[in-house]
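Note sheet for the following structure.
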Amino acid sequence: MSTEPKVIEKGMSYAWSKQIEGRSSDTYELKYRLVNSLNCYPAGDYVTASADGSGGYDVALDPVFTASLAAGDYQLAGFTQLPGAVAEADQDREPVPVVTVTVREAGFGTTAQDYRTFAERMFDAAEAALEARADAQELDLVRSAIGDSSAERNTAKLVALRDRWRIEAMQARRARALARGEQIPNTLAVRFS
């Protein structure tokens, strides 16, 4: 039984179990590497699985390791071999089926996908800062847009920032609602035949 992760979020820990027919953990060790088009991770070494006590393997990726990965698609390539054998020279090396894994930036799995346009994000961040409910990410966005580390205290600049992005944000929201087929006040649906 194999439960390798299909998605890895940077900075998170992952663990799974692996049973390999004819390759008991009592006799063989299991090693993995994440390989993308540019690099092999971990560089110069492998992630080695530990024996689970029932002939299978327990594999773990620690948060430091996953944080070192670049976002993108990888192949999780593994093999079994006799303990202490030199991997490249071992005649008894047996590959494990390769699994495709996607590495995503931290925070991807904990929050919903953000489909807002840049204008909507700027408008919402300025609005949240004006109402003193902005989170750290929104405050960073507002501070970088205004160019002031204490931008959340400057009401005039926040109003100007909000007004600058208001029309474009509303147009994007309206277009998305129309694409979903929602009826919008002051909008006439006309059918040409």
Residue, modelled with the lowest pLDDT, within segment 158-179, restricted to residues that are exposed (fewer than 13 other Cβ atoms within 10 Å of the Cβ) and within 30 Å of the chain's Cα centre (by Cα): Ala179
Segment 144-157 - residue that is more than 19 Å from Thr117 (Cα to Cα) and crowded, with 17+ Cβ neighbours inside 10 Å and, of those, modelled with the highest pLDDT: Lys157
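Got a sec? Which of Ala85, Ala67, Ala136 is within 26 Å of the chain's Cα centre (by Cα), modelled with pLDDT under 80 and surrounded by fewer than 16 Cβ atoms within 10 Å (Cβ to Cβ)? Step through it out loud before you land on a result.
Working: Ala85 fails: within 26 Å of the chain's Cα centre (by Cα); Ala136 fails: modelled with pLDDT under 80.
Just a single option satisfies the conditions, and that option is Ala67.
Does any residue of segment 14-36 turn out to be at pLDDT below 80 and at positive phi?
Here is the first cut: in segment 14-36, the residues at pLDDT below 80 are 36.
Next cut, at positive phi only: none.
Checked against the condition, which is being at pLDDT below 80 and at positive phi, segment 14-36 yields no hits at all.
Taking only segment 12-36 into account, find how many residues are assigned to a loop (DSSP other than H, G, I, E, B), under 14 Å from Ser54 (Cα atoms) and small (Gly, Ala, Ser). Break it down into steps so the answer makes sense when it comes.
The initial filter retains those residues of segment 12-36 that are assigned to a loop (DSSP other than H, G, I, E, B), namely 12-13, 19-28, 36.
Checking which are under 14 Å from Ser54 (Cα atoms) leaves us with 19-28.
From what is left, the residues that are small (Gly, Ala, Ser) are 22, 24-25.
The number of residues fulfilling the criteria is 3.
The values are calculated or read from the model by the stated rules, or taken from the named source; none is laboratory data. Quick caveat, the model's predicted, so the values are computed rather than measured. When we count neighbours, we look across all protein chains shown, and the Cβ atoms used for this are built from the backbone with ideal geometry, even at glycine.
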